[in-house]
Amino acid sequence: MNTIIIILLAVLGATLGSFFNVLIYRLPRKESIVFPASHCANCNKPIPFYLNIPIISYLALGGKCKYCKAPIHWHHLLVEVITPLILILVFLQYGLLNILFLKYALLCMFMIPIFFIDAFHQIIPHTLSIPLIPLGLIFALIPGNDVGIFNALISSGIIFAFLVFLAYAYRLARKVDGIGGGDIWLLTAIAAFFGLLSMPYMILISAVLGIIYFLIFVRRKEQGFAFGTFIAFTTVLWSVLGAESALNLIPWL
Ligand SMILES: [Zn+2]
């Protein structure tokens, strides 16, 4: 039974990954996500469905456009591979007939385009972050959820107020924006999903990962810092581990 579910999730995930690649390309460019149909970003030739099969087409074409041979960025393949992988890991953590599977699978699916769009463009589209806030609150109303509605409301309220305060304080002190509006919406939404107890750790782990990455890889220090990328990564990690078991991993709690 599990094998069948895993195969189905793999197919669903690869297909979703293919759709996320469209979002990752088009949302920051403010293009429609429906029209026109898939086309090569270089020669604009439409991609027929038989060349648009997730993972397989990329490998068969050697990561190049069939017509103009322009290279297709490797992140396309990566997205189509990690999306099914994350779905399967969330399934293995919670099981299919658990509301938490739906909740965390959905949350992770939003994190994939956010991760790449913020990494490439230093923006988090509001169309991906803001709808997550009511979604998190709706899940909090469903029986069997790990975070109750009061926790979700208080958690997202406190995180929102704290980040808005921090953003204003930073701007007053340094005369530049330190925290983007996108980060504020994203963390407010995640707070509704994870509850208050997880949030200090979520923010701390995201910040530590971000700082480590910045120190190792970023040569030009004035370059924009894509905090949302690290928030998205930590959110997937936290969901896959299970918020409760993730908290248990922290010995001093
Ligand atoms: Zn082409």
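Each value in this text was obtained by applying a stated rule to the coordinates, not by laboratory testing. Please read these numbers as outputs of a predicted model, since none were measured by experiment. Here the Cβ is made from the backbone with ideal geometry for all residues, glycine too, and neighbour counts use every protein chain on show.
For region 36-98 and region 106-176, compute the distance between their C-alpha centroids and round to whole Å.
27
Arrange the following residues from fewest to most other Cβ atoms within 10 Å of their Cβ: M202, M1, M109.
Starting with the residue having the fewest Cβ neighbours, the order is M1, M109, M202.
Taking trypsin sites (Lys or Arg not before Pro) that fall in a DSSP loop and have at most 10 other Cβ atoms within 10 Å as cut points, what is the longest piece of the chain between them?
The longest uninterrupted stretch comes out as 31-174.
Using a cut-off of 13 Å between beta-carbons, work out the net charge of the residues near Y58 (Lys and Arg +1, Asp and Glu -1, Y58 not included).
+1
Taking only DSSP H segments of four or more residues, each worth -39500 (n - 2.57), what value at 222 nm results for the chain once the sum is divided by all its residues, to the nearest 500 deg cm²/dmol?
-21500 deg cm²/dmol
With the crude spin-label approximation of a point 7 Å out along Cα→Cβ, what separation in nm comes out for K30 versus N42?
Calculated label separation equals 2.8 nm.
Tell me which DSSP H helices of the chain clear both cut-offs, 30 Å or more of axial length from alpha-carbon atoms and a mean Kyte-Doolittle hydropathy of at least 0.0.
Membrane-span-like by this criterion, though nothing is claimed about a membrane: 2-26, 99-121, 149-174.
Measuring from label point to label point, each 7 Å out along Cα→Cβ, what is the M1 to F49 span in nm?
3.3
Taking chymotrypsin sites (Phe, Trp or Tyr not before Pro) that fall in a DSSP loop and have at most 11 other Cβ atoms within 10 Å as cut points, what is the longest piece of the chain between them?
Within the chain, the longest run free of exposed chymotrypsin sites (Phe, Trp or Tyr not before Pro) spans 75-251.
From the C-alpha coordinates alone, can you work out the Kirkwood hydrodynamic radius of region 62-179, in Å?
17.3
For the chain, what is one quarter of the convex hull surface built on the Cα atoms, given in nm²?
For the chain, averaging the hull's shadow over all directions gives 15.8 nm².
Shape call for region 1-97 from the C-alpha gyration tensor, a ≥ b ≥ c root eigenvalues: rounded (a/c under 1.5), prolate (a/b greater than b/c) or oblate?
Note, shape of region 1-97 comes out prolate.
Tally Lys/Arg at +1 and Asp/Glu at -1 over every other residue whose Cβ is under 10 Å from the Cβ of F139; what's the total?
0
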